[in-house]
Each structure stands twice: as C-alpha cells, then as structure tokens.
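**Q** Here it is, the structure, as structure tokens.
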Amino acid sequence: MNKKSTSRMSDDFPKITQKDIDRSIFRIGLKPAPKKRRVSIMLDSGVIEWFKKKAGIRGYQTLINKALKGIMEQDGLETLIRKIVQEELNARA
C-alpha cells in the first residue's frame, strides 16, 4: 500500500468529536444503552478506600454508581409509600 492510498482512506472517514458522541444513541439489544458522563467529584479518602475494598475486580466507580442509583430508587419508593399512606389516611377520615 502506498502513502497516497493511505492518506486518501483517512480522508474518507470524518473525525468524530465529543459533540457527536454526546448526540449519539448507543444500543444494547433493542434498548438504548445508558450514557455515562465524566465528572470530577471530591470524596473523602475513606469513602474511596471503602468502595475500592468492596468492589474487588468490578471497579469502585461502578460500585459508587450502583450505590447512587440505589439511593435514587429508594427516594422514589419512599415518596410512593408516603403517597399511598396519605391516601389511605384520607380515605378513612
């Protein structure tokens, strides 16, 4: 392969930017894959070490993400339970 054909091939494919990636939808099976964003966050050293020990080979960031999702789900469940209890109390009044 000569240099001319190599350079021509690279011109055939446009460069992909972060903006292109942000607009894209990645799919796993038929459902869109969840997008992740890079963030910078300050956490206590003890918190990081605890998650690192608990995570093992999976990676501590994955475990932190799972813990945060659990809190989100718990908050939604707590709100739902409060609503149901309030409706029951109002129905008995």
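The values are calculated or read from the model by the stated rules, or taken from the named source; none is laboratory data. Fair warning: this is a prediction, and the values are worked out from it, not measured in the lab. Using ideal geometry, Cβ is built from the backbone for each residue, glycine included, and neighbour counts are taken over all protein chains shown.
**Q** Quick one: Ile25 ticks every box in (1) in contact with a strand residue (DSSP E or B) (Cβ under 7 Å, 6 or more places away or on another chain); (2) outside any loop (DSSP other than H, G, I, E, B) bar one, so which box is it?
**A** Against the list (1) in contact with a strand residue (DSSP E or B) (Cβ under 7 Å, 6 or more places away or on another chain); (2) outside any loop (DSSP other than H, G, I, E, B), Ile25 comes up short only on (2).
**Q** Determine the pairs where a residue that is β-branched (Val, Ile, Thr), located within region 25-51, has a partner that is at pLDDT below 85 and exposed (fewer than 10 other Cβ atoms within 10 Å of the Cβ) with Cβ atoms under 9 Å apart, the partner being 6 or more residues away or on another chain.
**A** Sorted first by the residue in region 25-51, then by its partner, the pairs are Ile28/Pro34.
Okay, residues lined up against (1) surrounded by 10 or more Cβ atoms within 10 Å (Cβ to Cβ); (2) in contact with a helix residue (DSSP H, G or I) (Cβ under 9 Å, 6 or more places away or on another chain); (3) at pLDDT 85 or above; (4) at positive phi:
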site	(1), (2), (3), (4)
Lys4	no, no, no, no
Asp11	no, no, no, no
Pro14	no, yes, no, no
Arg27	no, no, no, no
Lys31	no, no, no, no
Val47	yes, yes, yes, no
Ala55	yes, yes, yes, no
Gln61	yes, yes, yes, no
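**Q** Applying the selection to region 63-93, what residues are aliphatic (A, V, I, L, M), closer than 19 Å to Arg37 by Cα and either at pLDDT below 90 or not in a helix (DSSP H, G or I) (or both)? Give the steps one after another, and end with the answer.
**A** First, the residues of region 63-93 that are aliphatic (A, V, I, L, M): 63-64, 67-68, 71-72, 77, 80-81, 84-85, 89, 91, 93.
Applying the additional criterion that residues be closer than 19 Å to Arg37 by Cα yields 63-64, 67-68, 71-72.
Within region 63-93, Ile71, Met72 qualify.
**Q** Please go through region 32-65 and give me each residue that is hydrophobic (A, V, I, L, M, F, W, C) and out of contact with any strand residue (DSSP E or B) (no Cβ under 8 Å at 6 or more places or on another chain), ordered by number. Let's see the steps before the verdict.
**A** Our first condition is that a residue be hydrophobic (A, V, I, L, M, F, W, C); within region 32-65, this holds for 33, 39, 41-43, 47-48, 50-51, 55, 57, 63-64.
Selection gives Val39, Ile41, Met42, Leu43, Val47, Ile48, Trp50, Phe51, Ala55, Ile57, Leu63, Ile64.
**Q** Which of (1) modelled with pLDDT of 90 or more; (2) part of a helix (DSSP H, G or I) does Lys19 not meet, given it meets every other one?
**A** Answer for Lys19: the failing condition is (1).
**Q** For a quick check of your reading of the model, give me the residue pairs whose first member lies in region 64-93 and is surrounded by 10 or more Cβ atoms within 10 Å (Cβ to Cβ), whose second is in a helix (DSSP H, G or I), with beta-carbon atoms closer than 7 Å and at least 6 apart or on different chains.
**A** Note: pairs meeting the criteria are Ile64/Phe51.
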